[in-house]
């Protein structure tokens, strides 16, 4: 073997060996315990980033170690290949999104292979492959049959220049990100999936530990995020009656303005109602009131999500209309509010300024009455400054509320519900923050929605025999809208019902559809006569995937949609599991330093960390600024943040692999931080990881002949060899435990401890010493192998371990020898008059009398007792002995 570690040569040889053996192809095997470990599939953007390296190395360590423990382990990979970035790249580069996407897949796959990941590439899927998205379309049609998928209107951001719908993040200051045109809100038809139908079940598995499907293997904060997003609310839905009639003379919405509230106990404090700009009453008011019409037009330029509305300034305009308070009969003015969403509830809210912070600010701004109707002992109400004072429902009671006066929260809510029900105007109801999933996207690069529009028959589902509806892959978006609308070969089709000329649906599916079930397709990737099959039954058995790994940024929507999609698949008889992922690990982000400065034009210019030199404070510890190495000009230091190409603080994994080797990159990202915590990039840490691997190689090369010739134990050991063997098995015990809890940073620490102990051992060349060294290095290589498979594979072969124990891929995980942990002697801390004065060695089985005698006979007692006799000797077994003088 080479004396020096040559990463490129070592990694090339190891990967050639694995490829020749088709080492990572996995098949279903009922004789073995299965383990399905999966990382969230990447978007093929063109290059891997260090977050990918970290995510996939975590998965790889898990898979390799469990395989050594005799399990049948599946680790697949695929590509979340549809989506808007490909369309943007297509417009920029004037190439079809398909060509850009497939080129990126090929490049990124090569990068993953260079990392040495134990991926079963025979199961690779790309979501833009018709063989995959065919089943998106098939299940969509099943949902249509069951009423889970429905067609209705939706409010979207519409760019009138580009003639396309924009995602919320593409609307910048009310304008389209590309065209700069003022964005309009439009109500257009689209398809929705009734996820709310599953809300109770989705909630129970994250909020109720008694639920048999409770996700105990998920991080608590992710369960809480899901619970809050689903947002179950118990309250009262009721109507404000009115006599407002439309142009046709009929009462608008049958003369009832409905609202929902969780605080029905505050109903007597209502001083206004606010409706969404799209509400029928708002439209009626706008027809005769220019101020209302102008305000609605202004609102059309705003955002469409709850998050956006929560942060924008709350504005409103009076409509001049009134509705009737259902209990008092008082007239209540109706306003249009920009903070009210038509898609949430009934598109209207009751305004109780005294007891809602948002309503309070709105009332102060527009001079609306603020009427206190809740009070609590010891709290003072102010109608000029908000204080979150009424929240203690245990102490608060109704005041100024007639029949409700003196009632507690629950009693008042019950009474209000009773009074409203008696009038036929309201009832108790459970509502959800969760909204049905709108899946229609007016974009090209996505799964075609399998619908045909016929003038005679309406919206007709594509017959199952005609699936998949294949997306043309040669179109190039030009910014003038969805190119499918101009593709006659795609558009024109005969109606499946009447045979007349018809047109295909040009909307495509939300890409969250693609990622909602790919992990099941991995199990049956080549099945052509069904969405899933026997492979899914095998790998998803026992309650779903055994371990899922991905970023916290996917903690809500992706996971929620995958959970919903699994339940739908269960309900149509495809799978038996109710939840897709038994255990979840959300790895921390990779961070790096950010350096920038403002340009003369007012923009921001970012610099790579290697281009700058830090400036420290007087203590020499805190970074207070930076300067360019090239010319010494000052640069602003922005602290650390997520690696990003746009901020010039990313690290190219390929450059790292080319310089140090994949094993160094893998080792650093595992050692630098626990998997679930953020990782701060550190060039010195990377170099340190490389030095460690060179030491491992050097130790093997230096002792190669002795290690190859050494026996596998069975000889009497001298004391130093016993001590080394004990250290090896102590570390092995801890490393095995750390693997179980996926604390891979301490696994690497354990490997470093093992190398230190082996290097420090002074062998006398005896058979026993050689055997202990051979065993110790065997444990080190197997402990380190999941993190650094290439170097450990090479040493395993070169030092003769493969000849005795087989390929490292399937070598048995080392077992702790409990007899090696037994000590002949133990060392106890020696205290004299309560002060630590050294230590005393005694036989491991020494009794109290023997320990006392050894302590009294120690030179330390003679030295520190000042000639005084011992009054008492206190022995703490296994820890210390204290002599009182």
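The values are calculated or read from the model by the stated rules, or taken from the named source; none is laboratory data. Quantities reported herein were computed from a predicted structural model and do not represent experimental measurements. So basically every Cβ, Gly included, is an ideal-geometry build from the backbone, and we count neighbours across all protein chains shown.
For region 125-146, a residue qualifies if it is assigned to a loop (DSSP other than H, G, I, E, B) and in contact with a helix residue (DSSP H, G or I) (Cβ under 8 Å, 6 or more places away or on another chain), and the qualifying residues are 127, 128.
Is it the case that residue 62 is within 19 Å of the chain's Cα centre (by Cα) and either part of a loop (DSSP other than H, G, I, E, B) or without any contact (Cβ under 8 Å) to a residue 60 or more places away in the chain (or both)? Full working, then the answer.
Values: within 19 Å of the chain's Cα centre (by Cα): yes; either part of a loop (DSSP other than H, G, I, E, B) or without any contact (Cβ under 8 Å) to a residue 60 or more places away in the chain (or both): no.
Taking the combined requirement at face value, the residue does not satisfy it.
Note on region 77-114: residues that are part of a helix (DSSP H, G or I) and modelled with pLDDT under 95 amount to 10. Scanning region 122-131 for residues that are under 24 Å from the mean Cα position of the chain (by Cα), within 18 Å of residue 444 (Cβ to Cβ) and surrounded by fewer than 23 Cβ atoms within 10 Å (Cβ to Cβ) yields a total of 1. When each of 639, 714 is tested for being under 34 Å from the mean Cα position of the chain (by Cα), on the phi > 0 side of the Ramachandran plot, surrounded by fewer than 17 Cβ atoms within 10 Å (Cβ to Cβ) and not in a helix (DSSP H, G or I), the lone residue that passes is 639. Restricting 686, 669 to residues that are in contact with a strand residue (DSSP E or B) (Cβ under 7 Å, 6 or more places away or on another chain) and either modelled with pLDDT of 95 or more or buried (at least 18 other Cβ atoms within 10 Å of the Cβ) (or both) narrows the list to 669.
Of the candidates 519, 538, the single residue that is within 25 Å of the chain's Cα centre (by Cα) and modelled with pLDDT of 95 or more is 519. Per the conditions (1) over 20 Å from the mean Cα position of the chain (by Cα); (2) farther than 30 Å from residue 165 by Cβ; (3) crowded, with 19+ Cβ neighbours inside 10 Å, the sole criterion not satisfied by residue 86 is (2).
Would you pick out the residues in region 460-479 that are touching a residue at least 24 places away in the same chain (Cβ under 8 Å) and loosely packed, with under 14 Cβ neighbours inside 10 Å? So that I can check it myself, show each step before the final result.
Here is the first cut: in region 460-479, the residues touching a residue at least 24 places away in the same chain (Cβ under 8 Å) are 460-464, 466-471, 473-479.
The answer is 463, 464, 466, 470, 474, 478.
The residues in region 333-369 that are surrounded by fewer than 21 Cβ atoms within 10 Å (Cβ to Cβ), touching a residue at least 40 places away in the same chain (Cβ under 8 Å) and more than 36 Å from the chain's Cα centre (by Cα) can be counted, and the count is 5. Is region 725-733 home to any residue that is in the same structural domain as residue 804 (by TED's automatic domain parsing), farther than 19 Å from residue 812 by Cα, surrounded by fewer than 17 Cβ atoms within 10 Å (Cβ to Cβ) and in contact (Cβ under 8 Å) with a residue 24 or more places away in the chain? Looking through region 725-733, none of the residues is in the same structural domain as residue 804 (by TED's automatic domain parsing), farther than 19 Å from residue 812 by Cα, surrounded by fewer than 17 Cβ atoms within 10 Å (Cβ to Cβ) and in contact (Cβ under 8 Å) with a residue 24 or more places away in the chain. The condition of being surrounded by 20 or more Cβ atoms within 10 Å (Cβ to Cβ) and over 22 Å from residue 666 (Cβ atoms) holds for only one of 157, 93, 59, that being 157. Within the set 811, 760, 794, the sole residue that is surrounded by fewer than 17 Cβ atoms within 10 Å (Cβ to Cβ) and either more than 40 Å from the chain's Cα centre (by Cα) or touching a residue at least 24 places away in the same chain (Cβ under 8 Å) (or both) turns out to be 760.
Here's the yes/no breakdown for (1) modelled with pLDDT under 95; (2) surrounded by 23 or more Cβ atoms within 10 Å (Cβ to Cβ); (3) touching a strand residue (DSSP E or B) at 6+ places or on another chain (Cβ under 9 Å):
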position	(1), (2), (3)
269	no, yes, yes
274	no, yes, yes
283	no, no, no
293	no, no, no
298	yes, no, no
306	yes, no, no
311	yes, no, no
314	yes, no, yes
325	no, no, yes
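Applying a threshold of 9 Å to beta carbon distances and a minimum spacing of six or more residues, or different chains, the list of pairs starting in region 376-387 at a residue that is on the phi < 0 side of the Ramachandran plot and exposed (fewer than 11 other Cβ atoms within 10 Å of the Cβ) and ending at one that is modelled with pLDDT under 85 and in a loop (DSSP other than H, G, I, E, B) reads 377/395; 380/387; 380/389.
Taken together, 689, 787, 723 contain a single residue that is closer than 23 Å to residue 802 by Cα and either touching a helix residue (DSSP H, G or I) at 6+ places or on another chain (Cβ under 9 Å) or part of a helix (DSSP H, G or I) (or both), which is 787.
Is it the case that some residue within region 555-566 is surrounded by fewer than 17 Cβ atoms within 10 Å (Cβ to Cβ) and modelled with pLDDT under 95? It would help to see each step written out before you state the result.
Restricting attention to region 555-566, the residues satisfying the condition of being surrounded by fewer than 17 Cβ atoms within 10 Å (Cβ to Cβ) are 556-557.
Narrowing further to those that are modelled with pLDDT under 95: 556-557.
Looking for residues that are surrounded by fewer than 17 Cβ atoms within 10 Å (Cβ to Cβ) and modelled with pLDDT under 95, one finds at least one in region 555-566, hence yes.
Does residue 134 satisfy the condition of being surrounded by fewer than 20 Cβ atoms within 10 Å (Cβ to Cβ) and at pLDDT below 95? For residue 134, the condition - surrounded by fewer than 20 Cβ atoms within 10 Å (Cβ to Cβ) and at pLDDT below 95 - is not met.
Looking at 226, 253, which one is within 26 Å of the chain's Cα centre (by Cα) and outside any loop (DSSP other than H, G, I, E, B)? First the steps, then the outcome.
On the way: 253 fails: within 26 Å of the chain's Cα centre (by Cα).
Unique residue meeting the criteria: 226.
The C-beta contact set for region 33-45 (first residue free of Cβ contacts under 8 Å to residues at least 60 places away in the same chain, second residue surrounded by 19 or more Cβ atoms within 10 Å (Cβ to Cβ) and assigned to a loop (DSSP other than H, G, I, E, B), distance under 9 angstrom, 6+ apart or interchain) comprises 43/80; 43/81; 43/83; 43/511. Taking the criterion of being surrounded by fewer than 22 Cβ atoms within 10 Å (Cβ to Cβ) and under 30 Å from residue 235 (Cα atoms), the only residue of region 438-454 that qualifies is 438.
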